[in-house]
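Computed from the coordinates by the stated procedures, all read-outs in this text should not be read as laboratory data. What you are looking at is a predicted structure, and each value in this text was computed from that prediction instead of being measured. Note that we place each Cβ from the backbone using ideal geometry, even for glycine, and neighbour counts take in every protein chain shown.
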Amino acid sequence: MSVYWNDWITWFYAYLAVGLMTALVFYGFSLKDRPTKFVKDMRSALGLGKTLKDHLKDILVYSIAMVVICVGWPGFLVWAALKKREDRMRELEEDEPTFICRPEFLIREVSPLEAEQTNQVHDPLGLAPKVPFGHLNGAWGKFLSEFGFEDGNELWYFEVPKGESSGEYDIFDGPICGYAKVVKGKVYGEFVMEGN
Amino acid sequence: MTAQVSETLIYHGKDLMMFSNPLDPYLRATGIHFVSPHTANWRGYRGTWEIKGSEETRQGLYLVKLKAHHSYEDVVGLAEIFPGFPDGVFAHWFSGEIRLPQGDLLEYVHGGYASQYEYDLFLEIKKGLIVSQRAVHNKARS
């Protein structure tokens, strides 16, 4: 049997065949998201199991989807790619750590030496460790060790005014201040030395 | 939500309830976490604080006793969290207001530090040092 590629109907069948394969692949992926037998049993026990009407509705929806994908698979592939990208961006956003310091709270860029010189603790009884940041000296050291002093990484002093709310915390009843790691205006780490 | 056990502040020789947690900023900065032993202590520790120093120089807020839970059974004290500071730990990391409720209980609220007492004494603290204080006379909410 020979194929006549100069015949438009051959091209049409080929187009539909690609569409059918696309639809089957995506149907296969959709099977992965089906609830497990345990979940199905639980739903049935709660009276939330699928009725015959629900099954018929599923068959109708899947049939329509298959036909739509077979016919408009180029558009479907573009939509699927955009959706995947959007989901990935959302995942990345959710994975990002939250900081008390937002870019608008940044006051000035400083050097680590300057930060240490201006943060000696004034304890009336002289009990606090006589090192920069007192009892927080270890936390400061850890912050610096994870900082990464390559080009473009900046150390900034920040202040969050009283009454602001930020990050995971509610409204602050006093100022909060510390140092932040900033790269191209974005906060990538923080050391809070004073807060409430 | 359950009403939370308070911190204690020794001020002018008296043991007062303190409805503030000045240790929290230190724990956040250092990444130390405690475990709640029961629903009335979600933060997992109870601290006793003291205002020390003279009014001529400056008065500061010091942590003098701690009972903190690494687990229900594993309880640690000041010596484990701040080794080498048996006479008190100056709370230089704390800036804000601490609330000291006093007098009769006007209204019990089953959550956090929301219960209302006859008076509230507020101490304004800056880098662990007292900068001002004010008292508020509360009235029962009708």
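Below are the figures for this structure:
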| quantity | calculated |
| --- | --- |
| Entries in A:K37/A:K83; B:K52/B:K126; A:K162/B:K126 that, when Cα-Cα distance is taken, lie over 24 Å | A:K37/A:K83 |
| Computed label-point distance, nm, for sites A:W8 and A:Y62 using a 7 Å Cα→Cβ extension | 3.5 nm |
| Stretchable slack from A:E94 to A:K130, in nm (0.36 nm times residue separation minus alpha-carbon distance) | 8.9 nm |
| Potential lengthening between A:S44 and A:A81 on full extension [0.36 nm per residue; Cα-Cα distance subtracted] | 9.8 nm |
| Sites A:A17 and A:E109, calculated FRET efficiency, Cβ-Cβ separation with R0 56 Å, nearest 0.05 | 0.35 |
| Sequence of A:M66, A:M42 once ranked by neighbouring C-beta atoms within 10 Å, starting from the fewest | A:M42, A:M66 |
| For B:124-132, mean number of other protein chain Cβ atoms within 10 Å | 3 |
| Inter-probe distance in nm under a simple model that places probes 7 Å from Cα toward Cβ, at A:K37 and B:Y72 | 3.6 nm |
| Cβ-based charge dipole, the protein assembly as shown, positive-most Cα from A:L82, B:P37, A:V71 | A:V71 |
| Efficiency of FRET between B:A140 and B:M1 - r from beta-carbon atoms, R0 35 angstrom, step 0.05 | 0.95 |
| Principal-axis tilt of helix A:8-32 within chain A, Cα atoms, nearest 10 degrees | 50 degrees |
| Kirkwood hydrodynamic radius (C-alpha pairs) into Stokes-Einstein, the protein assembly as shown, 25 °C and 0.890 mPa s, D in µm²/s | 96 µm²/s |
| Average Cα contact separation per residue, segment A:73-142, under 8 Å, 6 or more apart, as relative contact order % | 16 percent |
